[in-house]
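To start, the structure under review is shown below, and the notes come after it.
The values are calculated or read from the model by the stated rules, or taken from the named source; none is laboratory data. Not measured: the values here are computed from a predicted model. Backbone-built Cβ (ideal geometry, glycine too); neighbour counts: all protein chains shown.
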Amino acid sequence: MTCGHRPCQTASDVSRRHAASVNVPWLMSNLVLMRTSPTWAKGLARMLLEVPLPRRWAHVQGVAARARSIAPTLGPDAALLEAAAWLHDIGYLPELAGTGLHQLDGARYLRDAEHAESMLCRLVAHHSCAVIEAEERGLAEILCREFRSAPLALASALTFCDMTTSPDGKPVHVEWRLAEIHNRYGSEHLVSRSIHRATPMILDAVDQLHAKAAPTASSRCNA
Ligand SMILES: [Fe+2]
């Protein structure tokens, strides 16, 4: 393929040349690293959400900003947490919504279509106490069989970021956020029931983050 006088490389051309001339494990490990980076995650989230779900896109931008704000407490996991923050809600996209459990649908897409790193998929699959909503939907066994839960500290950090960010991406008190979800769905809705059951764990996650990162993260009373 050429463009004017100079040969023009496509992404697949470059990929083929590398696969032929350098060792494949090196290439694969770099591909995995790339598919865990916040830059990659932001680009993918933007591509999926910005136009069809602009409010959801505003929300994930706020959640990612939260993740960056607590980066000092996370050490080497900070980039992974930010990547998960960007991608945690892609399962709301109608095209990806297979089961209706957005955490599972998003994680499946990342695993099957994007070949994302396992821990990133696990974080997305279980974010904000997903297993409780999965129980309500009869999907808990499937969720846990396909994706192991993430380590508690990381999972709690993502829950903190999600549950202290409004649907428009603004920092809010966790209590405000919980009330907003109940108002949005109505008290009888499955999501409201799930959030009601998950509330003690969500509050624990926020408290844990606050205790760990008082100088950098906003507390329940200062969100
Ligand atoms: Fe969210």
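Residues in region 54-98 that are within 17 Å of A155 (Cα to Cα) and not hydrophobic (A, V, I, L, M, F, W, C): how many? Residues in region 54-98 being within 17 Å of A155 (Cα to Cα) and not hydrophobic (A, V, I, L, M, F, W, C): 11 in total.
Table: residues versus (1) surrounded by 20 or more Cβ atoms within 10 Å (Cβ to Cβ); (2) among the aliphatic types (A, V, I, L, M); (3) over 17 Å from D89 (Cβ atoms).
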{"position": "E136", "(1), (2), (3)": "no, no, yes"}
{"position": "P151", "(1), (2), (3)": "no, no, yes"}
{"position": "S156", "(1), (2), (3)": "yes, no, yes"}
{"position": "M163", "(1), (2), (3)": "yes, yes, no"}
{"position": "H173", "(1), (2), (3)": "no, no, yes"}
{"position": "W176", "(1), (2), (3)": "no, no, yes"}
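For region 171-207, filtered to residues that are within 13 Å of the ligand (Cβ to nearest atom) and not hydrophobic (A, V, I, L, M, F, W, C), the residue that is modelled with the lowest pLDDT is R184.
Highlighted here are the helices (runs of 4 or more DSSP H) found entirely within region 48-99 that include at least 1 residues which are within 12 Å of the ligand (Cβ to nearest atom): 54-69, 78-87.
Meeting the requirement of 1 or more residues that are within 15 Å of the ligand (Cβ to nearest atom), the helices (runs of 4 or more DSSP H) wholly within region 104-162 are 118-125, 130-136. In the condition set (1) surrounded by 22 or more Cβ atoms within 10 Å (Cβ to Cβ); (2) modelled with pLDDT of 95 or more, L96 is compliant with all but (1). Of everything listed in (1) at pLDDT 95 or above; (2) in contact with a helix residue (DSSP H, G or I) (Cβ under 7 Å, 6 or more places away or on another chain); (3) over 22 Å from H59 (Cβ atoms), the single unmet condition for Y109 is (3).
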